[in-house]
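Novice: Right, I'll just put the structure down here and ask away after.
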Amino acid sequence: MLIKGDQAVSLTPTPEGYADWLRELKARIHTAQQRATLAVNRELVLLYWQIGRDILARQAQQGWGAKVIERLAHDLRTAFPEMKGFSRANLMYMRAFADAWGDSEIVQQAVGQLPWGHNLVLLSKLKTRAERQWYAAKAIEHN
């Protein structure tokens, strides 16, 4: 192989069918990357819903106030410094998210397919669960 500028130039001819095979491999790799990203997103959104549900439950059962959320944000950021998303504001969003979507089934099936930022837009801009569910379904349908 010879290097010319920034590109490698092959001294051997490309085998027949190689270009098609390479294009197919690139498409498969791209598809696998997208599926992996979606799987990570689903897990993260479900985790955020679970944290929000736990906050709601503890506040209802034990009378915890907003100061506990501030403490929790600090403790989670300390425990997981490489992760983003554990700010006080985001924990409040998690709480609101769990309050808006009380059923984990909906989170796993519909809104779990949307990125967290999209879910926050639905949560902040739409008042009813039916509206949020409709927009979530349309967003998924139209990618």
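The values are calculated or read from the model by the stated rules, or taken from the named source; none is laboratory data. All values reported here derive from a predicted model rather than from experimental measurement. Ideal geometry is used to build each Cβ from the backbone, glycine not excepted, and the neighbour counts take in all protein chains shown.
Novice: Given 102, 85, 112, 63, which one is modelled with pLDDT under 95 and within 23 Å of residue 143 (Cβ to Cβ)?
Specialist: 112
Novice: I'm told residue 37 meets every condition in (1) within 21 Å of residue 115 (Cβ to Cβ); (2) modelled with pLDDT of 95 or more except one. Can you identify the failing condition by its number?
Specialist: (2)
Novice: Please enumerate the residues belonging to region 118-143 that are small (Gly, Ala, Ser) and modelled with pLDDT of 90 or more.
Specialist: Across region 118-143, the qualifying residue is only 124.
Novice: Working carefully through the options 66, 98, find the one that is within 30 Å of residue 131 (Cβ to Cβ), touching a Lys or Arg at 6+ places or on another chain (Cβ under 6 Å) and small (Gly, Ala, Ser).
Specialist: It is 98.
Novice: For region 105-118, give me each residue that is in contact with a Gly (Cβ under 9 Å, 6 or more places away or on another chain) and of a type outside the set (Phe, Trp, Tyr).
Specialist: The one that is in contact with a Gly (Cβ under 9 Å, 6 or more places away or on another chain) and of a type outside the set (Phe, Trp, Tyr): 106.
Novice: Moving on to the next point. Given the options 87, 104, name the one that is closer than 24 Å to residue 131 by Cβ, surrounded by fewer than 16 Cβ atoms within 10 Å (Cβ to Cβ) and among the hydroxyl-bearing types (Ser, Thr, Tyr).
Specialist: Checking each option against the conditions leaves just 104.
Novice: Follow-up question, since we're still on this one. Within region 73-84, is even one residue out of contact with any Asp or Glu (no Cβ under 8 Å at 6 or more places or on another chain), under 25 Å from residue 36 (Cα atoms), in contact (Cβ under 8 Å) with a residue 24 or more places away in the chain and of a type outside the set (Lys, Arg)?
Specialist: no
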